[in-house]
Amino acid sequence: MKVLVPVKRVIDANIKVRVKSDQSGVELNNVKMAMNPFCEIAVEEAIRLKEAGAVEEIVLVTAGIRQSQETLRTGLAMGADRGILIETDEALEPLAVAKLLKVVVEREEPGLVLLGKQAIDGDNNQTGQMLAGLLNWSIGSFVSKLEVSNDSISVVREVDGGLEKVRLKSPAIVTVDLRLNEPRYASLPNIMKAKKKPIDVFTPEDLGVGVAPRVTVLKVVEPAARDAGVKVSSAAELVEKLRQEAKVI
Amino acid sequence: MSVLVISEHDNDEVRTATLNTVTAAREIDTDVDLLVAGSGCAGVADECSSIQGVTRIFLVDDPAYEHDLPENLSPLVQSLAERYTHVLAPASTFGKSLLPRVAARLDVQQISDISDIKSADTFVRPIYAGNALATVQSTDSVKLITIRTTAFDAAPTEGGNAAIEKIEAVTCPALAEFLGQELTPSERPELTSAGIVISGGRGMQSGDNFAMLERIADKLGAAVGASRAAVDAGYVPNDYQVGQTGKVVAPNLYIAVGISGAIQHLAGMKDSKVIVAINKDEEAPIFQIADYGWVADLFTAIPELEAALDTDP
């Protein structure tokens, strides 16, 4: 089986984002970028499936500016086999990404598409579900456990009330949650090897997909800051303040 | 204009998230219909008919809809959506699983997790774990939107008189099969709608120690939550997690115990009205957003707090 893993380049999760003073968005210049943490978990799971003999080939795909190629190289260094870059300067919305991925799926014919459940920039949580809708495939979202068999994929989903187990007819889409695995770090020899792995480059036009935005961002602002609070030194003082001052208990 | 709300329920009772979503729908337009799709869910439709502000309820009672599978529900929602200007669902794991699939099939760019409504086409939503707020305008003819439930009050469950209309299920291919679930039983309030939440972090050191927080929760009528670190360590189940990718809560009082305050955790609770932090590390970032900070070892502080709550006001 072939696995397709879409990945996204985002601001590194450890960086505190800054809103641009003209309110047009978040500052991306001279900011450390990295692979979206949920995408790393998807790549790791694909590699583990390959190590377990359930998968023959892992294809990574990303859509974005030229530098997104670095994100593909990160995944190739972890252990994926080859990459596809859909290069565009357009700010891509989840629907546009899903349409691009649909064309890639039709060309590559994977048995499984593994994605992160959300990207930590837009926090949309849409792309995997949209891709499943466009392909009319089954989907397991928020997945914390996954088992592949011949004609189906069983998943455990983290839902609001607890856990849920679902069997998906193959081919299927799976979006991964935090506790599926802990992604590995790439070793130096693997980083060197990854530089020689093939990356195909297309444009949205090559794939026949229009990616013009549907949503206009009118402004981006910082949320209101919370006022600094006070320190208390005993339980009695805390309870007194909560009762008399804050009046919340 | 008219708005369709996709209700979330467990075939027995409607979930509070549905009530928050009705309030958001009413801010867009007063013509609000509600879809109750499930199996053996006629009682839910009856219950929903008294929600204030709902005009009509579509009841679809079919085994295919018993377990909220998006593969089964999306053709139904899609068939109804074209009659409306807006389709809303809560930004819960239910709404997040279902609505983007419908949106893609309608060729609509969904707007996720909105926290404010500026007009019928302009909405505010948090991005980057709530470190920025984006005001966005949709150009799609039908707007599909998920609602941050903590940002909208629950609609009153009395005073309404919606008509219930039974409709037929829409054929769906058998793509997924529900095998089972392990729901975490709890006698306490639901985390996302509780008035008071007490959460523990890695500092709790074990799942057994969460009993200390549960005793406080029972005194205050509070829900119990946790940071990602505590869930990853296996102290408590996944549905306790508060944060960017877990649950978002905004209670009147949030008590963070042994939680350092990573931005991913703050994203899930910083809209709480009053925040209390109890942590032995006075440098912990949680103190920067806490209204009341108590630098103390939680293993002595929590029993003291429990005792102090028993004193007369």
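All of the numbers you see were taken from the coordinates with simple rules; none came from a lab. Only a predicted model underlies this, so the values are computations on that prediction, with no experimental measurement involved. Glycine gets a Cβ as well: all are built from the backbone with ideal geometry, and neighbour counts include every protein chain shown.
Using a simple spin-label model with pseudo-atoms 7 Å out from Cα toward Cβ, B:Glu304 and B:Ala163 lie 6.4 nm apart. Convex hull volume of the C-alpha atoms in the range A:1-99, normalised per residue: 104 Å³.
Residues in the range A:156-173 carry Karplus couplings, in order, of 9, 9, 8, 10, 4, x, x, 10, 9, 10, 9, 9, 9, 6, 7, x, 9, 10 Hz; the curve used is 6.51 cos²θ - 1.76 cosθ + 1.60 with θ = phi - 60°, and Gly or Pro positions show x. Set the Förster radius R0 to 30 Å, insert the Cβ-Cβ distance between A:Asn14 and A:Leu218 as r into 1/(1 + (r/R0)^6), and round the FRET efficiency to 0.05. Between A:Asn14 and A:Leu218 the formula returns 0.55. Modelled spin labels at A:Asp151 and B:Ala174, positioned 7 Å past Cα toward Cβ, are 1.1 nm from each other. What fraction, in whole percent, of alpha-carbon pairs in the range A:99-241 exceed 20 Å separation? More than 20 Å apart: 67 percent of the Cα pairs in the range A:99-241.
Residues within the reach of a label modelled at B:Thr139 (point 7 angstrom out along Cα to beta-carbon, backbone nitrogen below 11 Å), restricted to the range A:118-151: there are none. Taking +1 at the Cβ of each Lys and Arg and -1 at the Cβ of each Asp and Glu, which of A:Leu72, A:Met33, A:Gln118 sits farthest along the dipole of chain A towards its positive end, judged by Cα position relative to the Cα centre? After comparing all options, I get A:Met33. Once both labels are modelled 7 Å past Cα along the beta-carbon direction, what's the B:Arg202-B:Glu27 spacing in nm? Distance between label points: 3.6 nm.
For the range A:166-197, the set of trypsin sites (Lys or Arg not before Pro) satisfying both a DSSP loop assignment and a count of at most 15 other C-beta atoms within 10 Å is given as A:Arg184, A:Lys195, A:Lys196. At the listed q of 0.12, 0.14, 0.18, 0.19 Å⁻¹, the Debye profile of the range A:37-176, built from one uniform point per Cα, gives log10 I(q)/I(0) equal to -0.45, -0.62, -1.07, -1.21.
When B:Ser92, B:Ser97, A:Ser170 are sorted by how many other C-beta atoms sit within 10 angstrom of their C-beta, beginning with the fewest, the order is A:Ser170, B:Ser92, B:Ser97. Pairs spanning more than 32 Å between alpha-carbon atoms, out of A:Lys196/B:Lys96; B:Lys96/B:Lys166; A:Lys16/B:Lys247; A:Lys231/B:Lys96; A:Lys8/B:Lys247: A:Lys196/B:Lys96; A:Lys231/B:Lys96. Computing FRET efficiency as 1/(1 + (r/R0)^6) for B:Ser119 and A:Ser24, where r is the C-beta to C-beta distance and R0 is 22 Å, gives about 0.60.
Taking the centroid of alpha carbons for each part, the range B:52-126 and the range A:106-154 are 20 Å apart. Based on alpha carbons, the Rg and Dmax found for the range B:155-218 are 20.4, 53 Å. So if R0 is 22 Å, what FRET efficiency would A:Asp200 and A:Glu56 give, r being the distance between their Cβ atoms, rounded to the nearest 0.05? Taking R0 as 22 Å, the efficiency between A:Asp200 and A:Glu56 is 0.75. In vacuo Debye scattering of chain A, one point per C-alpha: log10 I(q)/I(0) at q = 0.07, 0.14 Å⁻¹? Debye output, listed in q order: -0.29, -0.93.
Here the dipole of chain A is about 340 debye; that uses its Cα centre as origin and unit charges on the Cβ of Lys and Arg (positive) and Asp and Glu (negative). Multiplying each eigenvalue of the alpha-carbon gyration tensor of chain B by 5 and taking the square root yields semi-axes of 37, 21, 18 Å, largest first, rounded to whole angstroms.
Per DSSP H run of at least 4 residues, take -39500 (n - 2.57); add these up for the protein assembly as shown, divide by its residues and hand me the 222 nm value, nearest 500 deg cm²/dmol.
-7500 deg cm²/dmol
This model, with +1 at the C-beta of Lys and Arg and -1 at the C-beta of Asp and Glu, gives the range B:190-313 a dipole about its Cα centre of some 380 debye. Kirkwood analysis of the Cα pair distances in the protein assembly as shown returns a hydrodynamic radius of 24.3 Å. With contacts taken as Cα pairs under 8 Å at a separation of at least 6 residues, chain B carries a relative contact order of 15 percent. Between A:Val148, A:Val221, A:Val104, the GNM of chain A built on Cα springs shorter than 10 angstrom shows A:Val221 fluctuating the most.
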